[in-house]
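Asks: My questions all concern the structure below.
The values are calculated or read from the model by the stated rules, or taken from the named source; none is laboratory data. Quick caveat: nothing in here was measured; it's all calculated off a predicted structure. Heads up, the Cβs are rebuilt from the backbone with ideal geometry, glycines too, and the neighbour counts pull from every protein chain shown. Each accessible area value is taken on the protein alone, full model and side chains, heavy atoms only, with ligands, DNA and RNA left out. Shrake-Rupley method; radii C 1.70, N 1.55, O 1.52, S 1.80 Å.
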Amino acid sequence: MFERHHVHEQLHKALDRKVWLPSGGSLIIEHTEALTVIDVNTGKNVGSSSLEETVFKNNLEAADEIAKQLRLRDIGGIIVCDFIDMEIEQNRRAVIKAFRTALARDKTRTQVFDISELGLVEMTRKRIGEGLLESFSGLCPECEGRGVLIDQSLLD
């Protein structure tokens with residue numbers, strides 16, 4: 001049954017730090033002890049019109065996908081989404097509205113602030129239980145969860 005429904009493949013995708021958007025852009029999802037950061041990138045999406053229009057469409061796509069990923073991965077706590085900078089205020093308002101609309105489908109309580117001048121959206125999502133990543137992972141015995149290995153020979 002797992003093979004027929006590609007469950008293993010879907011789990012691998014849900015645990016990956018990179019999520020591809022339909023237009024060729026991507027999300028990078030990084031967890032730290034204090035918060036989760038989601039970075040929006042245009043990637044292969046160069047668009048056919050102006051840069052602002054390409055960025056706007058990419059950010060709209062990302063807003064919808066971020067809401068899906070938060071539910072799928074059961075990410076809670078403090079979350080910072082780094083959308084691509086948009087020059088036009090109307091576009092920023094449209095992206096945050098789309099994001100809030102997408103999050104409204106989530107039963108878990110969220111609080112979302114407006115997009116800052118730097119393109120950051122700060123939000124909180126009620127932590128219900130252990131997230132998907134925590135359920136399928138453990139602390140690395142080599143780096144103790146830091147993600148880097150210190151070269152001890154340089155310290156001796």
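Asks: Quick check: net charge around SER116, other residues with Cβ under 11 Å of its Cβ, Lys/Arg +1 and Asp/Glu -1?
Replies: Value of the local net charge: -4.
Asks: Among LYS68/LYS126; LYS57/LYS126; LYS57/LYS97, which pairs are too far apart, with a Cα-Cα distance over 21 Å?
Replies: Check vs 21 Å cut-off fails for LYS57/LYS126.
Asks: Please work out how much accessible surface LEU35 shows to a 1.4 Å probe, ignoring ligands, DNA and RNA, in Å² rounded to 10.
Replies: It works out to around 50 Å².
Asks: Rounded to the nearest 0.05, what FRET efficiency do VAL80 and THR101 give with R0 = 25 Å and r taken as the Cβ-Cβ distance? Could you check?
Replies: The calculated FRET efficiency here is 0.80.
Asks: Starting at the first residue of region 61-78, write each ³J(HN,Hα) from the Karplus equation 6.51 cos²θ - 1.76 cosθ + 1.60 with θ = phi - 60°, in whole Hz, x for Gly and Pro.
Replies: Whole-Hz 3J(HN,Hα) from phi for region 61-78: 4, 5, 4, 5, 5, 4, 4, 5, 5, 4, 6, 4, 8, 6, 7, x, x, 7.
Asks: What's the ranking of 117-128, 53-64 by average number of surrounding C-beta atoms within 10 Å, highest first?
Replies: Packing order, densest peptide first, comes out as 53-64, 117-128.
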